[in-house]
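> To start, I am sharing the structure in question, which I have written as structure tokens.
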Amino acid sequence: MRALATIDRAALAHNLERVRALASGREVYAAIKADGYGHGAATVANALSGVDGFAVSSLDEAMQLRWSGLTQPIMMLSQPLDAGACALAAEHDVRPVIFDRTHLEALADHVGPALSVWIKLDSGMHRLGFAPDEAAAIEARLRDMRHVRRVGWLTHLGCADDPSSPMTKRQLAAFAHATAELDGQRSIANSAGVLAWPAAHADVVRPGIMLYGSSPMADASAADHDLRPVMHLSAPIISRRRVMAGEPIGYGATWRAPEDMEVGVIGIGYGDGYPRHAPSGTPVLVRGTRAALVGRVSMDMITVDLRSVPEACVGERVTLWGPGLPADEIAGAAGTIAYELFCRLTSRVSIEIV
Ligand SMILES: Cc1ncc(COP(=O)(O)O)c(C=O)c1O
């Protein structure tokens, strides 16, 4: 077997407990869009079956959860709404977040089973949502729609990963002011909001990345927050070779052996989703010891300096990220974030659930 992502359900359950401890008494909607951040949406949803709801991006993602037998409310974050989407969402109790005037037209035409909606306000991130001063007018329009039910108010934080950001305070104040006189639940916090901004916990929290065991925070690791990695990505050593001092390794000859040395060739590359921009020096765990990636990442392979683990053999598996080697660290080396590493694993990677 080549690259393998092992998904640890107990780690998911542990991370959910961390959310519950931090945001005690609040409803938890687990963000499992993009196929559960690359971990398998149904697997994650089943392992987190104690949550109060799920947050997904689209109707397709929501329907996959319904087909997998999940019955909790589903918040649908960024689906364009037309008559067909409204009808299907209402039939399956999928609750769209409305954030654009076109949604109001589609909702006004909706007949049939009542459709529950969240209203998104743009408190300062300026991506999606109605202006805060439109909140009362939107609510009044929805009140006239017989087949639409309003669940509550939602906003999203743009800088919650920075505990010193003045923007988060401004966003919280703008949202509180806009919704002060309005009924319904409130939902603000993503993972960073759960971890660093108790004032953002409101009624419903929407954590994603922390459930998968990564830290969204600029200044703290997952371990600092007692989060456990859910994904263990491993791949086998497919060859071992001796490279002589001064000889190059891989495409572009970007790295040369400083001395005669053993190099392991690992069966994973960017064709599997390992980041092509991971530079020489990026750590790989071999027998629990850190070894350094050397040379460029190619489609099917990477090469690793085995001087720190000379006993490593062809056939044994090494860890690309997971327990002992945080995905956040690999993402940092490759100039990206763990979210992207997880989402970009390709269908070549086998999934094993433990
Ligand atoms: C609206 C919304 N809420 C919650 C989340 C979960 O965010 P995180 O994974 O940072 O916890 C996201 C993810 O992008 C989102 O877009």
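> About the Cα centre of the range 9-218, what is the dipole size in debye to 20, counting +1 per Lys and Arg Cβ and -1 per Asp and Glu Cβ, all else neutral?
For this selection, approximately 420 debye.
> So how much accessible area does residue 219 have, in Å² to the nearest 10, using a 1.4 Å probe?
110
> In terms of the Cα gyration tensor, with a ≥ b ≥ c the square roots of its eigenvalues, is the range 9-218 rounded because a/c is under 1.5, prolate because a/b exceeds b/c, or oblate?
It is oblate, given that a/c is not under 1.5 and a/b is not larger than b/c.
> In Å², what does the accessible area per residue of the chain work out to with a 1.4 Å probe?
Accessible area per residue: 42 Å².
> Another question, then. Hey, what number do you get for the chain at 222 nm if only DSSP H runs of n ≥ 4 count, each worth -39500 (n - 2.57), divided across all residues, to the nearest 500?
-7500 deg cm²/dmol
> Taking a point 7 angstrom from the Cα of residue 13 along the C-beta vector, which residues in the range 315-354 have backbone N less than 14 Å away?
Hits in the range 315-354 for residue 13 at 14 Å: 354.
> Sorted by accessible area with a 1.4 angstrom probe, largest first, how do 33, 120 fall?
33, 120
> How would you order 300-307, 16-23 from highest to lowest mean count of nearby Cβ atoms within 10 Å?
With the highest mean Cβ count within 10 Å placed first, the list reads 300-307, 16-23.
> Let me know the shape class of the range 231-353, please: from the alpha-carbon gyration tensor, a ≥ b ≥ c as square roots of the eigenvalues, rounded when a/c is under 1.5, otherwise prolate if a/b is greater than b/c, or oblate.
Prolate is the answer for the range 231-353, as a/c is 1.5 or above and a/b outweighs b/c.
> Sticking with this structure for a sec: Can you run the Rg to Rh ratio on the chain? Use alpha carbon positions and the Kirkwood inverse-distance Rh.
Rg/Rh for the chain comes to 1.06.
> Around residue 121, what is the net charge, scoring Lys/Arg as +1 and Asp/Glu as -1 over all other residues with Cβ under 15 Å from its Cβ?
In short, 0.
> Leaving out ligands, DNA and RNA, and with a 1.4 Å probe, what % of the accessible surface on the chain is carbon or sulfur?
Its accessible area is 51 percent carbon and sulfur atoms.
> Using a 1.4 Å probe and counting only protein heavy atoms, arrange 172, 341 so the residue with the most accessible area comes first.
From most accessible down to least: 172, 341.
> Still on this structure, please answer the following. Rank-order 150-162, 259-271, 309-321 by packing density, defined as the average count of other C-beta atoms within 10 Å over each peptide's residues, highest first.
Highest-to-lowest ranking by the protection proxy: 150-162, 259-271, 309-321.
The values are calculated or read from the model by the stated rules, or taken from the named source; none is laboratory data. Predicted model only: the values in this text are computed from it and were never measured. Cβ coordinates were reconstructed from backbone atoms using ideal geometry, including for glycine residues, and neighbour counts include every protein chain displayed. Please note that ligands, DNA and RNA were not included when accessible areas were found on the heavy atoms of the full protein model with its side chains. Shrake-Rupley method; radii C 1.70, N 1.55, O 1.52, S 1.80 Å.
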